[in-house]
Amino acid sequence: MRYEAPTSVSEAAKLLAKEKGLARILAGGTDLIVQMKSGMIEPDLVVDIKRIDALKRIKKEKGGFRVGAAVSGAEMEEHEELCALWPGVVEATNLIGSTQVQGRATMAGNLCNASPAADCVPALVAADAVARVVGPKKGRDVPVIKMTTGPGKTTLKRGEFVESIFLPSRKKRSGDAYLRFIPRTEMDIAVVGAGVSLTLDKNGKCSDARLSLGAVAAKVLLVERAAKILIGSNLDEETLEKFAAAASAAAKPIDDKRGTVDFRKKVSGVLARRAAIIAAERAMTTEKKGKK
Amino acid sequence: MSQIHVSTTINGDPVEYLCEPDDTLLDVLRDRLSLTGTKEGCGSGDCGACSVTIDGRLVCACLALGAEADGRKIDTIEGMAEGEKLHPLQEKFLEHAALQCGVCTPGFLVAAKSLLEKNPSPTETEIRYWLAGNLCRCTGYDKIIRAVMDTAKEMKGKRKGKKS
């Protein structure tokens, strides 16, 4: 195995393009190094992207933020403006592993590891985040929902890698939230995860909503049918009941040691509903802050 | 495999070493530099026994490559005491008997030190969450948490004393 630590994106892309064997990107390494040590993969080339300054930055862009692929969860948590704009995305990312793992793990890595239970991904999908993919050809922007196709499988082509993730600007009175169910309080893999992002109008009616579910299908789901139920409503009890039922219906989980099909479907609805309530509370809070 | 030459700083001292590209930082610390205070528990980032800081950031040494340390600042348990003088956390761990077999202890100390640097007055809940990635199979955690809380309280008292 060769280890390279280029200082520019183009240099990294060249290294990947030239490699005939198996090449892997090293960002936080919290998945990659575990896979290497357990013998799951034996890369011929590892490209460490943490020496590329641009990829270590959280940059303002068009009223939103571009988060470099080498930015750790701990760095995101310390970025007040990012936490204020996309609290659900940051809290989802901060659920990945321990404090030690947070010191290294990245959103881009969590996305490209392509686990159906990846915590930050439902929050990113709800946020309509867009990954910037670079490689031998011209860079392209790919909505996060289109980045993965199944467990461990991404739509990245040979030589390509995710350079950054873009979180868009928000309308007034917008909020997001991510909740997951695990049998304990920390350090576990989601049995179900739910991300909600929504916007309220002046009268408190929901004008826009997105729901994403994790760990209930081969890949993270965008559940438009459920989100539509929220739009135009005041998030009253009846609407939330329908919303939860639609989320449960959209979940297509498997039975495994962490949860049964029935349990996961039920919890999908429960978490979707709770996440929607938190997102709406946050949307109201941003309005109050704006008034001051 | 050709070895990689790394120049780094460990516990404030400049250090140079050669390592294999797939050596972890933990392999390097223990097997090449004989800094065996950092323990190997799981080797997969689950137990926190190998906690160190890289450029001040708490991480698992088993989840970083030795080659990555080039130009960085690494701090390990060996740098915690100043000569014979123990760090307040080390004193409190002894006082509260916050250890039995001791394998997890260096990791807990490094992680707790990192917490108190970031948040000098953590609540019990904050301490428990921060240390959730450090596993101990002996103590049941309570004495460890008490020791960290007591250290925070004492260090706070000392800071106040200095101000007045």
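None of the figures in this text is laboratory data; all of them are computed from the coordinates on show. Note that the structure is predicted; figures quoted are calculated from it, not measured. In this analysis, Cβ positions are derived from the backbone assuming ideal geometry, glycine residues included, and neighbour counts consider all displayed protein chains.
Pick out which of A:109, A:68, A:150 has the largest mean-square fluctuation in a Gaussian network model of chain A, springs linking Cα atoms closer than 10 Å.
Judging by the Gaussian network model, the answer is A:150.
Can you tell me which of B:5-18, A:201-214 comes out highest on packing, and rank the rest after it, using the mean Cβ neighbours within 10 Å?
A:201-214, B:5-18
Let me know the mean shielding of A:210-222 by other chains, meaning the per-residue number of their Cβ atoms within 10 Å of its Cβ.
0
If I take every Cα pair under 8 Å that is 6 or more residues apart in chain B, average their sequence separation and divide by the length, what percent do I get for the relative contact order?
For chain B, the relative contact order is 22 percent.
Taking the Cα centre of the stretch A:127-277 as the origin and placing charges on Cβ (Lys, Arg +1; Asp, Glu -1), which of A:231, A:183, A:131 is farthest toward the positive end of the dipole?
Going by the charge dipole, the pick is A:131.
Pick from B:24, B:125, B:139: which residue has the top mean-square fluctuation in a GNM of chain B where Cα pairs under 10 Å get a spring?
Fluctuation is largest for B:125.
Does the protein assembly as shown come out rounded, prolate or oblate by the C-alpha gyration tensor, with a ≥ b ≥ c the root eigenvalues, rounded set by a/c under 1.5 and, if not, prolate when a/b is larger than b/c and oblate if not?
Cα axes put the protein assembly as shown in the oblate bin.
Using a 10 angstrom cutoff on alpha carbons, build the Gaussian network for chain A and name the most mobile of A:162, A:47, A:196.
In this elastic network of chain A, the residue with the biggest mean-square fluctuation among A:162, A:47, A:196 is A:47.
Over the stretch A:2-167, what is the mean sequence separation of C-alpha contacts under 8 Å (at least six apart), divided by residue count, expressed as relative contact order in percent?
Worked out over the stretch A:2-167, it gives 23 percent.
Take A:83, A:112 and order them by how many other Cβ atoms sit within 10 Å, fewest up front.
A:83, A:112
Going by average Cβ density within 10 Å per residue, which order do the peptides A:239-251, A:29-41 take, highest to lowest?
A:239-251, A:29-41
If one takes the longest principal axis of the Cα atoms in chain A, at what angle in degrees, from 0 to 90 and to the nearest 10, does the Cα axis of helix A:261-291 lie?
80 degrees
Which order do A:284, A:147 fall in if you start with the one that has the fewest other Cβ atoms within 10 Å?
Ranking A:284, A:147 by Cβ neighbours within 10 Å, fewest first, gives A:284, A:147.
In whole percent, what relative contact order does chain A give with Cα contacts below 8 Å and a gap of six or more residues?
In percent, rounded to a whole number, it is 16.
Any idea how far the Cα center of the stretch B:19-70 sits from the one of the stretch B:94-164, in Å?
Answer, in whole Å: 22.
Hey, fewest Cβ within 10 Å first, where do B:117, A:61 land in order?
So the residues, fewest neighbours to most, are B:117, A:61.
Relative to the longest principal Cα axis of chain A, at what angle does helix A:9-18 sit, 0 to 90 degrees, rounded to 10?
Around 60 degrees separate the two axes.
Toward the positive end of the charge dipole of chain A, about the Cα centre and with charges on Cβ (Lys, Arg +1; Asp, Glu -1), which of A:251, A:269, A:15 goes farthest?
A:15
Which three lengths, in whole Å and largest first, does the stretch B:4-79 cover when its Cα atoms are put on their principal axes?
On the principal axes, the stretch B:4-79 reaches 28, 24, 20 Å in Cα extent.
In terms of the Cα gyration tensor, with a ≥ b ≥ c the square roots of its eigenvalues, is the stretch A:1-107 rounded because a/c is under 1.5, prolate because a/b exceeds b/c, or oblate?
Oblate, because a/c is 1.5 or more while a/b does not exceed b/c.
What number comes out for the charge environment of residue A:57, summing +1 per Lys or Arg and -1 per Asp or Glu over other residues with Cβ under 15 Å away?
That sum, taken over residues with Cβ under 15 Å, equals +1.
What is the mean number of Cβ atoms from other protein chains located within 10 Å of the Cβ atom of each residue in peptide B:55-61, rounded to a whole number?
Whole-number average of other-chain Cβ neighbours for B:55-61 is 6.
Per-residue Cβ counts within 10 Å, from other chains only, averaged over A:48-57: what number is that?
1
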